[in-house]
Structures are given as structure tokens and as C-alpha cells.
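The values are calculated or read from the model by the stated rules, or taken from the named source; none is laboratory data. Values in this document were obtained by computation on a predicted structure and should not be read as measured data. Here the Cβ positions follow ideal geometry from the backbone for every residue, glycine too, while neighbour counts run over all protein chains shown. Keep in mind that these areas ignore ligands, DNA and RNA; they rest on the heavy atoms of the full protein, side chains included. Shrake-Rupley method; radii C 1.70, N 1.55, O 1.52, S 1.80 Å.
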Amino acid sequence: MKKCLVVPLVGLAISFALPTYAQQKDLADPQTTQKILALIEALNLAENNNDAAAIAAFFTRDGVFVTLEGPIIGRQAIQKWFTDLYQWWHPKNSIHKVDGNVVHSIGTAGNELWATGEWSETGQGKTGEPIPIKGYWFFIFVHEADDWKVRVTGGNVTLDSVILIKKSFALQPAATPSPTASPGTLPTYAQQRDVTDPQTTQKIIASFKPYVEARNNNDAAAVAAGYTRDAVFLTPFGPIIGREAIQKWYADLYQYVNGPITDRHFMFKVDGNAYHFIGTAGNELWVTGEWSEGQPVPVKGYYADILVREGDGWKVRVDAWNFTPDSVILINKSLAPQPAATPSPTAKP
């Protein structure tokens, strides 16, 4: 099995260490943090039991689950997705770790939180062999009565994990979304909930035009300028934390891919062309969608982001993205091995 992209880009991951200026910012209080950690332990139990209904119960009624094959929207559709998944994949030893055991408040009301972390589990291959896989996750939690629910989750699976699964389940079709909600389409009861007004939407679009141009120009500094100073960039290779580290990550990436991928054609689509307010102050948003880039190696995936207002514009506070399984296979076949890029000195692993 080739390790064309997996090995070279492992060095690009700078994980878990917040820069000094961000270590204490927006942290939830200890009592709330313990509630979220307990919720995640209960989620681990539900996954180890392969209990689709119990997993879906952790989501809000209109929760959004961004998978490698697109978003699954609504609690009923999420339950159906996990039910389909457990027909052929039976994971055990499911563990979700919260980065630094830290949960972050969004806004000032204390009713919305976000967290990132790493997950791992072991399933069985087609012939019964153990398949250990892992990846990285991002959650937005909202307060409902005396409890917390998942409003949005995104994340990814490491590239080597995708390859292991594909190798064992070569002909296995992907789990199908429930007919109650097609990917990218909100259920009727959620279509107008918390959606930004047209003026705000246009400001967001204008704020990210330079980011798209920077991606197409392989301009690492201009790409990083689209993030907050303490942003978290959750890649399939681990979290990159802080604008300076994000710039270094992209600079290393462009040194590696400038040969095979010179014509980037970077594009991103917003699910339903809708950005969603978090809380009532109007200074934080969440958004999900699809991205694509690359010629002659076209790749794509899905993302879930938190945006925050800075001055008259908007910046990315949290950016979680993934590759589709087909993109992983294509990259693995197309790119020749290269030396690992060195991690940025701005943040320790």
C-alpha cells in the first residue's frame, strides 16, 4: 500500500497546543465542562453498543452531521445513517478525546459551546480482521432545558484509516442518507431557523473572496489572513492552532503540491446558501458546505465552520474539513512520496 500523501503530510500536523494568547480564552466553566465530558463518555458507550437511536438522541431535532460523503441533516436522518452504517461496520473501543479537556463558550449567554478532539475505534474487516481507525472531530453544543445537545458536528477520518477500510470493504456502498432529508437540505421545520439576513450574507461572501483568491494563488499568508489569530484548523492530519501555524502549514503544503497540483480551481459551496447565527448577538455564525480543488488531481470534501465578526468583516474561528474517500484513493495513487514537512515552531505538538 503506497503512503503517497499520508507520510509526507503527517509532518504538517501541529496538534493540541494552543498559543499562549489563546490558552484561557472563552473557556466554559468547570461545571459545564464536566457535563460536556460526561455527554461525550455517554456517546462513546452508545457507539460501542452500535446503538443508532441512542447516538441520534444526542443531536438536536435539526442537528447537522457532516460526514465524508456529505451532510446528514435532522435527528431522524442521522439515526437512519448510523443504522445503515452498523449493517456492515461494528466498532468497539470507541473513544472521543477532547483537546486539552477544554470546552469553549460561544458569545456571552453561555447557551452555545464548541469543542474539538480526536476519536478512535476498532471495527472488523470483511474477513473478521481488526481495523483500527481514527480521526478528528468538531462539535457545536446548544443548551436544551437542563441538558446539552449537538447542533452541528464535522470532522474527518485520517487518510490511512480510509485506505484500510476501502481495502477491506472494496465493494461496500456508502451508507445512504435517510429519505427524510437529502444531503444539504434542511428539514421543513428548520429551513428558516437562525438564518442570516441578506445583508449579513453578502458581507460574509465579500469577506471570503480574498480567501478564495489566495487558495487559487497558493498564497499561504493571504489564506491565513482569513482566520482569527487563535483559530483552530482541524485537518485529517490533526489540528493546526493559531494563524501563524496555519500559514506555516499552508506554506509547507504548497511546497509539496505545487508540482502535481498547479491549477487549483479552489471552490467552496455553502449548504443551502445559508449561514446560521449562533445565539442572539449576531457576532458568531456556523456554516457547512462542500469544497473542491485541484488539476490534474481533482479532490473534494466537506467542511463545518464557525465564523466570528471582526470589525466590518468575518473571520474563521474553527474550520473542520475532510476528504471524500474517492479523493483519498485518488491522491494516494497520484502523488509520489516526498520528505515530511517540518512542523511550525509556533505551536508544539
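Hey, among the residues in the range 132-168 that are in a strand (DSSP E or B), open to solvent by 10 Å² or more (accessible area, probe 1.4 Å) and among the aliphatic types (A, V, I, L, M), which one's nearest to Asp29 (Cα to Cα)? This residue is Val142. When the range 110-131 is filtered for residues that are buried (at least 18 other Cβ atoms within 10 Å of the Cβ) and of a type outside the set (D, E, K, R), the ones remaining, listed by number, are Leu113, Trp114, Ala115, Thr116, Gly117, Trp119, Gly123, Ile131. Here Val102 meets each of (1) open to solvent by less than 30 Å² (accessible area, probe 1.4 Å); (2) over 16 Å from Asn156 (Cβ atoms) with one exception, condition (1).
Table: residues versus (1) free of Cβ contacts under 8 Å to residues at least 40 places away in the same chain; (2) surrounded by fewer than 18 Cβ atoms within 10 Å (Cβ to Cβ).
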| position | (1), (2) |
| --- | --- |
| Asp197 | yes, yes |
| Thr200 | no, yes |
| Ser207 | no, no |
| Glu213 | yes, yes |
| Asn218 | no, no |
| Ala224 | yes, no |
| Tyr227 | no, no |
| Phe237 | no, no |
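Output the residues belonging to the range 268-278 that are buried (at least 17 other Cβ atoms within 10 Å of the Cβ) and not in a helix (DSSP H, G or I). Once the filter is applied, which keeps residues that are buried (at least 17 other Cβ atoms within 10 Å of the Cβ) and not in a helix (DSSP H, G or I), the range 268-278 yields Phe268, Val270, Ala274, Tyr275, His276, Phe277, Ile278.
Residue by residue, here is whether (1) more than 22 Å from the chain's Cα centre (by Cα); (2) modelled with pLDDT of 95 or more; (3) among the hydrophobic types (A, V, I, L, M, F, W, C) holds:
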{"site": "Thr122", "(1), (2), (3)": "no, yes, no"}
{"site": "Glu129", "(1), (2), (3)": "yes, no, no"}
{"site": "Asp147", "(1), (2), (3)": "yes, no, no"}
{"site": "Lys166", "(1), (2), (3)": "no, no, no"}
{"site": "Leu171", "(1), (2), (3)": "yes, no, yes"}
{"site": "Ala174", "(1), (2), (3)": "no, no, yes"}
{"site": "Pro179", "(1), (2), (3)": "yes, no, no"}
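When the range 8-61 is limited to residues that are among the hydroxyl-bearing types (Ser, Thr, Tyr) and under 19 Å from the mean Cα position of the chain (by Cα), the one that is modelled with the highest pLDDT turns out to be Thr60.
Does Ala46 satisfy being within 30 Å of Leu307 (Cβ to Cβ) and in contact with a strand residue (DSSP E or B) (Cβ under 9 Å, 6 or more places away or on another chain)?
Taking the combined requirement at face value, the residue does not satisfy it.
Ala251 falls short of the stated requirement of being free of Cβ contacts under 8 Å to residues at least 40 places away in the same chain, among the small types (Gly, Ala, Ser), assigned to a helix (DSSP H, G or I) and over 23 Å from Leu159 (Cβ atoms).
For the range 77-98, the criterion of a residue being within 18 Å of the chain's Cα centre (by Cα), of a type outside the set (Val, Ile, Thr), more than 21 Å from Ser161 (Cα to Cα) and assigned to a strand (DSSP E or B) is satisfied by no position.
Gly107 satisfies every condition listed in (1) in a strand (DSSP E or B); (2) on the phi > 0 side of the Ramachandran plot except (1).
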